[in-house]
Amino acid sequence: MIYLSSQSRWLALVMASLLAGIGLSSAPRARADTATDAMSGKSAVEEAGTAGAADTTAEVIITGTRRRDRTVADSSAPIDVIPGADLATQPSSNMLDALTNLVPSFVVGQNPISDASSFVRSPSLRGLPADEMLVMLNGKRMNRSALVQVYQGGETELAFGSQGPDLASIPAISVKSLEVLRDGASAQYGSDAIAGVLNYQFRTESKGLQVMGRYGEYFPGSQWSNDGKDRLLAANFGLPLSSEGFANFSLEYARNDQTVRNVTRPSALAFAEAYPDLAPGLPHYPGPVQQWGTPPSESFKGLLNGGVTLSNNDQLYFLVNYAHIDTNESFNYRLPVAVGSDPAHPGKPYLPNPAFNDIFLTPCTSNLTGCPNGGFIQDNNTFNFASVYPSGFTPRFYGTTSHVRAELARRLVAQHPQPVPGTDLADQLRRRQIPAAGDDLQFRCHVSLDGGGVCEPGLGRGRPGVARRAVRAVPG
């Protein structure tokens with residue numbers, strides 16, 4: 001009998017797991033991941049080919065899905081690179097819903113009947129609220145929306161008190177790719193990146209036209225009828241700016257109808273039983289008196305992304321994003337009179353909403369003792385909203401979200417021996433540090449208007465043993 005030590009048993013278990021995972025296959029294996037290295041420009045297949053023709057064994061990655069893996073496998077953190085086409089083909093005109101379908105651990109509720117939280121929905125990444133998730137547009141921070149999530153309850157509970165950017169303002173057809181870091185990056189970006197980072201890269205084509213349209217609706221079956229009609233029309237086109245620039249335009253119009261996924265309120269059923277003649281006057285009769293589902297909305301979004309290289313190799317770039325979104329939502333039903341029996345309060349009826357309390361109309365006069373100036377006399381001269389809404393009413397909240405973002409910047413790129421402030425300091429530091437093989441030591445210089453500047457070192461990947469002498473200077 002052979003006895004194994006604890007370390008040997010551990011190794012045996014690991015080897016058994018590996019053999020079980022690959023199915024004891026002895027056939028030559030080919031690597032499935034052919035993601036292109038964004039820095040070197042070489043794919044994994046090209047690098048494998050240059051590693052040596054004798055080594056023909058590669059790795060098979062079985063993920064249980066037919067799609068090509070999109071995760072950057074050689075990164076120390078989980079990074080997803082999502083093509084813009086995947087976003088544009090999602091069956092929703094809202095960027096939040098598209099990301100919910102594509103990004104693991106990205107969650108956003110529909111927020112029905114949630115006050116203003118129905119108009120600007122706050123997402124969650126890795127279980128953290130939106131103001132702990134950094135969103136960047138072409139590498140620049142996206143501004144936060146004007147709404148602080150103050151509704152507490154339901155799907156908005158996690159976002160209570162947060163204030164994040166409104167991703168619904170971005171037209172999906174404008175996106176070239178989306179990079180999602182599903183890990184904390186607060187040490188690099190700050191406390192708004194605790195949950196992770198979303199970096200949108202927008203399209204840069206200088207020619208061509210793309211037009212897309214979509215129509216759909218829900219077929220829930222059972223007790224609900226078809227609803228939620230969704231219409232979208234979007235276009236993208238590019239124009240050249242001289243011979244060294246581009247202007248890429250994206251436009252999107254979308255409109256969707258209400259969805260209903262609830263039964264009516266018991267108080268409305270009790271009212272219809274007590275007052276059958278008034279039942280047809282109930283809101284949305286014969287459907288639920290209040291509608292719980294996706295609220296109707298109509299939106300127009302536009303995005304302009306452009307850039308041009310100047311004669312001295314400086315780069316001028318600009319980004320303009322505009323969105324106008326109209327939304328309205330159903331709210332809670334207002335019962336006009338006391339009816340039925342409320343099971344939540346045994347022995348008591350469903351009570352009328354305070355909106356149907358009597359409103360006294362006779363104003364106080366100066367000769368009445370105890371009746372303050374500006375007050376009203378409690379007499380029979382009253383008004384009640386039951387005269388206008390005898391079957392009660394369901395109010396609707398209307399909200400308009402407007403988003404405008406404009407960015408214009410100039411990136412200075414100076415080559416020696418051009419006298420750019422900060423280049424001398426960068427040169428002195430460069431001579432004292434030797435880049436590692438395959439890396440270039442670059443410096444990013446923040447130049448002030450008075451000629452001063454501060455340079456910070458950074459590593460960039462390039463040819464082994466070669467250090468570029470270019471210094472990038474960014475006006476500060």
Using a Förster distance of 45 Å, how high is the FRET efficiency between V320 and T369, based on the Cβ-Cβ distance and rounded to 0.05?
0.10
Inter-site label distance for K348 and L310 at 7 Å from Cα along Cβ, in nm
7.3
Which ³J(HN,Hα) values in Hz, rounded to whole numbers, follow from the phi angles of the stretch 100-113 under the Karplus curve 6.51 cos²θ - 1.76 cosθ + 1.60, where θ = phi - 60° and Gly and Pro get x?
4, 6, 10, 9, x, 6, 9, 10, 8, x, 6, 6, x, 6
T362-D277 FRET efficiency (beta carbon distance; Förster radius 35 Å; 0.05 resolution):
0.60
Ranking request for peptides 209-218, 88-97: highest mean number of other beta-carbon atoms within 10 Å first, then the rest in descending order.
88-97, 209-218
Two-site label geometry, N138 and I377: point separation in nm, points 7 Å out along Cα→Cβ:
7.0
Under a straight-distance cross-link criterion of Cα-Cα below 23 Å, which lysines are reachable from K140, leaving out those fewer than 8 residues away in the same chain?
K176, K301
For the stretch 392-404, just list the computed ³J(HN,Hα) in residue order, Karplus coefficients 6.51, -1.76 and 1.60, θ = phi - 60°, integers in Hz, with x standing in for Gly and Pro.
x, 8, 10, x, 10, 9, 10, x, 10, 10, 10, 10, 9
Ascending count of other beta-carbon atoms within 10 Å, so fewest first, for S124, S117, S243
S243, S124, S117
Mind checking the full-extension length gain between S341 and S105? Use 0.36 nm per residue of separation minus the Cα-Cα distance, one decimal, nm.
80.6 nm
List the residues, sorted by chain then number, that are 5 or more residues from Q258 or on another chain and whose placed amide H is less than 5 Å from its amide H.
G228
Starting at the first residue of the stretch 313-322, write each ³J(HN,Hα) from the Karplus equation 6.51 cos²θ - 1.76 cosθ + 1.60 with θ = phi - 60°, in whole Hz, x for Gly and Pro.
6, 5, 10, 10, 9, 8, 8, 10, 10, 10
With a point put 7 Å past each Cα toward its Cβ, work out how far L408 is from S225 in nm, to one decimal.
5.3
For V388 and S242, FRET efficiency with R0 = 60 Å and r from the beta-carbon atoms, rounded to 0.05?
0.40
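Here, each number is a calculation from the coordinates, and none is a lab measurement. Note that this is a predicted model, so its numbers are computed, not measured. Positions of Cβ are backbone-derived with ideal geometry, glycine not excepted, and every protein chain shown enters the neighbour counts.
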